[in-house]
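The values are calculated or read from the model by the stated rules, or taken from the named source; none is laboratory data. Here the structure is a predicted model, which is why all the values come from computation and not from measurement. Quick reminder, even Gly has a Cβ in these numbers, built from the backbone with ideal geometry, and neighbours come from all protein chains shown. Note: accessible area is taken over every heavy atom of the protein model, side chains too, but ligands, DNA and RNA are not part of it. Shrake-Rupley method; radii C 1.70, N 1.55, O 1.52, S 1.80 Å.
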Amino acid sequence: MITRTVPAYAPGVRIRDMALADCAAVAEIRVRGWQRAYAGLIPSAYLDAMDPAQDAERRRTHLMAEGGSVNLVAEEPDAELTGWACYGPCRDEDVRPGSAELYAIYVRPDRVGAGIGRSLLGEVTARSLSAGFDEITLWVLKQNVRARRFYERAGFRPDGAEEAFEAGGARVPEVRYTRPVTPPAVA
């Protein structure tokens, strides 16, 4: 298990591999993150129906499954989890081989802006580089201006690909961003 202290963005925060014991905390971070970040972008009935206990079970299943994804958590000095990221090989068939994909990155809503997301993204970048990936892609809600600014400050740019997914009966548009695997921009 790799554990690193990340002083550059979030002093005292450690980034480490996710363990099964982290699933409930990660599910809480993910569900509350969705509910906060996507309010007004995804139907509220869909967001209100999200259940951390059900999501924790999905996290356990995913974590135990064989596959190429890597799950990381951000941990404060008091051992409280404040963020989660998941990445692996890009799932899109229209990108060049050797591309990684950031599947998810969430920070506890009350810790957004504290450098935890940048710390997680920095670790994803470092590990992607070590694993031989030459590019990172991600999908972000088209109308999620805050997240798009976050990714753009880290050097990601839209590559022109767009698609939508269904959430609560609504079609929610996403755009794909990409960036070479280099150390993230410090902005």
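Numbers for the structure displayed
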{"item": "Within the range 38-53, tally of residues that are farther than 19 Å from V107 by Cα and assigned to a helix (DSSP H, G or I)", "result": "3"}
{"item": "Any hit, the range 78-99, residues being crowded, with 18+ Cβ neighbours inside 10 Å and either touching a Cys at 6+ places or on another chain (Cβ under 7 Å) or acidic (D, E) (or both)", "result": "yes"}
{"item": "Filter result for F165 (open to solvent by 30 Å² or more (accessible area, probe 1.4 Å) and closer than 15 Å to Y103 by Cβ)", "result": "yes"}
{"item": "Test: residue in the range 138-148 that is in contact with a Gly (Cβ under 8 Å, 6 or more places away or on another chain), within 17 Å of R179 (Cβ to Cβ), open to solvent by 20 Å² or more (accessible area, probe 1.4 Å) and not charged (D, E, K, R)", "result": "no"}
{"item": "Pairs where the first residue, in the range 45-71, is within 30 Å of S99 (Cβ to Cβ) and the second is of a type in the set (V, I, T), C-beta under 7 Å, 6+ apart", "result": "M50/V31; D55/V31; R59/V26"}
{"item": "Test result for I105, closer than 24 Å to L20 by Cβ and at pLDDT 95 or above", "result": "yes"}
{"item": "Residue under evaluation G160, criteria (1) on the phi > 0 side of the Ramachandran plot; (2) touching a residue at least 40 places away in the same chain (Cβ under 8 Å), criterion not met", "result": "(2)"}
